[in-house]
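Here is the structure we will look at, set down as structure tokens.
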Amino acid sequence: MRQPRYLLRTFGCQMNEHDSERIAGLLTADGYVATREAADASVVVFNTCAIRENADNRLYGNLGHLRPLKQANPRMRIVVAGCLAQKDGGTIRERAPWVDVVVGTHALPGLLDLLHRAETEGPQLDVREQTEIFPSALPALREVAHHAWVSIAVGCDNACTFCIVPLVRGPQLSRPIGDVLAEVHGLARRGVVEITLLGQNVNTYGRDLTVPGSARRPLFADLLRAVNRVEGLRRIRFTSPHPHDFTPDVIDAMAESDKVCEHIHFPLQSGSDRVLRAMRRSYRRERYLDWLERIRAAIPDIAVSTDIIVGFPGETQEDFEDTLDVVRRARFDQAYTFQYSPRPGTRAAEMDGQLDKHEVQERFDRLVALQEAIALEQMREQVGSSAEVLIEGLGRKGGARGRTRGNRVVHVGGEHAPGTFLDVRIVGAHPHHLDGELAAGGPGGSRSERKRASVSPPEPREPAPIR
Ligand code: SAM
Ligand code: SF4
């Protein structure tokens, strides 16, 4: 008998990619196999994102495209999962009544049950408010064998006024350190060489945990050190730390742990203190730059990426110039730039001073042009250097594509399987990738030289947390 097929489309951040691996794992365990064709699928799953408005539009556009297929094949099941499912719940079926299952972020473990019930009882909705089983505990099917996303915490206790995450993912819930380590050991035994630890605010990991019989909770620095001891692993990444909660022990743990890659995603959001205050981001521009300096002093070859929002309500030309100024001073290797998008239910959506779209576009274009120029300069500095590249897949112009420890994309000629480590000489630079040639001696695997000063920065100034 032909096995049933599923088509899974993922939108949004790494947390959704992580959850999609679980959706694929659950469906595979139930006898499904993946397909790329909606017409061929018994189940189509959209794992959605709610961070920006266009994510909503894309979902309803995609659901519209599926409607004729569903009419032609009423046995096809359509599932909407993820943050938009959590946010919109029953509204999704009002706007697209041909959807069979709406499953929120906390209800993922019940996906198969909901699908089976949809067969006999009709449309199902589960947007419960609390996570009972960490999605990480579910079976996972990964697209690549060498890398895994590892969730260390779900939800967020901050209240950034632009952000919908606390509404759709709930308060922070850290995973017990033993569970995280058990998963990482298991992954390493199965040949995973690179992991990315995931949380909305990784450096508050553990604050909500209690360890029976212990006076001290495990914190993010402890977790980094413990994961660094796992045999077989070669690279550890994490995303994202919040600049407000960054502490010297995390820098120390990064500097001491040879598997922790020389890359940090350090979201700025705005370079204006006035806007940061309105965003309820409780660090200020000078403190942010100060931290960056300390991180770079402790880990000299570290690459830095960031997130920046343009056009937050009330952002003046002067505020925007402040952002450009921080971008010039910080010299990010990469920036994810966003135009502010009002999200229903967030404080910023109700604020006065929502900006004109053309004005925002103009600022956005200026920011992107500045950042592209800086990124290219940073990339050019890599030309002539050697790097360890972990191959991820096919390159655009033939050949292979991989990443350095600094998270820089490198294109290399020749056929190289995903998961292969190569020693590469950097010969060309572009704003978003480098060109590399195999270093003399061919495919390698040697650890890139690490030049780390063991600096323990002074205690940070503690601003009063704004919660
Ligand atoms: N926890 C991360 C942090 O604190 O930086 C952010 C996670 S969020 C999934 C990823 C990025 O989306 C944010 O850093 C922000 O730049 C962007 N973002 C979130 N809400 C937004 C909004 N309403 N409009 C535009 N960009 C937004
Ligand atoms: Fe959203 Fe702020 Fe939490 Fe990041 S820290 S997920 S931006 S509320």
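The numbers here are math on the coordinates, done by the rules we state, and not lab data. Only a predicted model underlies this, so the values are computations on that prediction, with no experimental measurement involved. Glycine gets a Cβ as well: all are built from the backbone with ideal geometry, and neighbour counts include every protein chain shown.
Taking the Cα centre of the stretch 355-429 as reference, the dipole from Cβ charges on Lys and Arg (+1) and Asp and Glu (-1) amounts to some 200 debye. Annotation for the stretch 173-218 versus the stretch 265-279: alpha-carbon center distance of 29 Å. In the chain, the DSSP beta bridges split such that about 30 percent are antiparallel, to the nearest 5.
Count Lys and Arg as plus one, Asp and Glu as minus one, and take only other residues whose Cβ is under 12 Å from that of PHE364; the net charge is then -1. Across the stretch 310-419, counting alpha-carbon atoms alone, Rg and Dmax equal 18.8, 55 Å.
Here, P(r) means the percent of Cα pairs in each 10 Å bin from 0 to the largest distance; for the stretch 108-173 it is 17, 34, 34, 14, 0. Cysteine residues of the chain whose Cβ has no partner cysteine Cβ closer than 4.7 Å: CYS13, CYS49, CYS83, CYS156, CYS261.
In a shell of Cβ-Cβ distance under 13 Å around LEU115, excluding LEU115 itself, what net charge do Lys and Arg (+1) and Asp and Glu (-1) give?
Working: positive: ARG75, ARG77, ARG117; negative: ASP30, ASP100, ASP113, GLU119, GLU121, ASP126.
Its environment carries a net charge of -3.
Under a model in which nothing but the beta-carbon of Lys, Arg (+1) and Asp, Glu (-1) is charged, the stretch 1-127 shows a dipole of about 360 debye around its Cα centre. Taking all Cα pairs closer than 8 Å and separated by 6 or more residues, the relative contact order of the chain comes to 11 percent.
Kirkwood's formula applied to the C-alpha pairs of the stretch 185-233 gives a hydrodynamic radius of 12.2 angstrom. Using unit Cβ charges (K, R positive; D, E negative) and no other charged atoms, how large, in debye to the nearest 20, is the dipole of the chain about its Cα centre? With only Lys, Arg, Asp and Glu charged at Cβ, the dipole is about 680 debye.
With r defined as the distance between the Cβ atoms of ASP258 and GLU53 and R0 fixed at 41 Å, what FRET efficiency is calculated, to the nearest 0.05? Write out the running numbers ahead of the final one.
Values: r = 43 Å, r/R0 = 1.04.
Efficiency, from the Cβ-Cβ distance: 0.45.
What number comes out for the charge environment of ASP333, summing +1 per Lys or Arg and -1 per Asp or Glu over other residues with Cβ under 15 Å away? Mind showing how you got there, number by number?
Working: positive: ARG237, ARG296, ARG328, ARG329, ARG331, ARG380, ARG403, ARG405, ARG408; negative: GLU262, ASP301, ASP307, GLU372, GLU377, GLU381.
Here the count lands on +3.
Shown for the stretch 232-378 is the translational diffusion coefficient from the Stokes-Einstein equation, using the Kirkwood radius over Cα pairs, a temperature of 10 °C and a viscosity of 1.306 mPa s: 98 µm²/s.
Computed from the alpha carbon atoms alone, the convex hull of the chain holds 164 Å³ per residue.
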